[in-house]
């Protein structure tokens with residue numbers, strides 16, 4: 001996978017993720033709607049540029065989205081939706097800066113940084129969990145099911161009363177997150193790892209309503225696929 005193809009695919013997927021997020025705001029406060037309507041329009045430019053032979057089109061869209069992201073950060077006093085917003089901002093600014101770099105080496109450096117941060121996001125998440133005794137015992141996951149503010153069904157909430165199962169599930173998540181960087185050793189293991197990771201995010205979206213994580217993390221997968229190609 002070439003840098004150009006990986007960047008364009010990442011741009012298109014990120015634009016779709018941002019459109020999905022923006023649509024949620026159109027039913028919110030009227031004062032916020034112009035910001036997110038503008039973001040939808042700019043995302044359209046990015047998608048158009050990603051699938052056309054005119055790279056200047058997606059650069060205009062990326063620059064507009066980068067500037068607009070500062071206004072949205074000011075409006076909500078930071079990345080109000082936590083990790084998914086942070087990853088989206090990281091991807092947006094890495095893609096924008098990569099396009100602006102004057103040499104291919106610098107473009108690769110910035111885009112490769114995005115892929116590295118994606119892999120670190122899993123490893124660090126696993127490390128934070130494994131040093132937490134509540135995660136090792138399964139109690140933290142029990143609390144997720146028992147007290148989640150997301151629309152978890154009553155049948156799923158009953159899983160909070162099955163400590164042995166939750167301990168196994170907790171360790172499965174932690175070991176997967178910690179081991180994911182090892183999948184970089186070969187193309188086959190990396191693809192398998194990303195399929196498992198995507199399935200994990202999809203399950204969280206279906207069970208807990210964490211749909212933004214699924215689309216945002218999926219958008220960055222081309223960056224790590226390209227980075228492995230470049231390193232190996």
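The values are calculated or read from the model by the stated rules, or taken from the named source; none is laboratory data. This is a predicted model, so every value here is computed, not measured. We place every Cβ from the backbone using ideal geometry, glycine too, and count neighbours over all the protein chains shown.
Points to keep in mind about this one:
- Residues of the range 131-151 that are modelled with pLDDT of 80 or more and over 17 Å from residue 165 (Cα atoms): 131, 132.
- Criterion violated by residue 164 - all others in (1) part of a helix (DSSP H, G or I); (2) modelled with pLDDT under 85; (3) farther than 24 Å from residue 123 by Cα satisfied: (2)
- Tally, over the range 90-143, of residues that are farther than 20 Å from residue 194 by Cβ and surrounded by fewer than 16 Cβ atoms within 10 Å (Cβ to Cβ): 17
- Here the range 192-219 is the region considered, the condition is being more than 22 Å from residue 90 (Cβ to Cβ) and touching a residue at least 24 places away in the same chain (Cβ under 8 Å), and the residue that is surrounded by the fewest Cβ atoms within 10 Å (Cβ to Cβ) is 209.
- In this entry, residue 180 is excluded by the filter for residues that are surrounded by 13 or more Cβ atoms within 10 Å (Cβ to Cβ), assigned to a helix (DSSP H, G or I) and at pLDDT below 90.
- Residue pairs whose Cβ atoms lie under 6 Å apart, separated by 6 or more positions or on different chains, with the first residue in the range 78-90 and over 12 Å from residue 24 (Cβ atoms) and the second part of a loop (DSSP other than H, G, I, E, B), are 85/79; 86/79.
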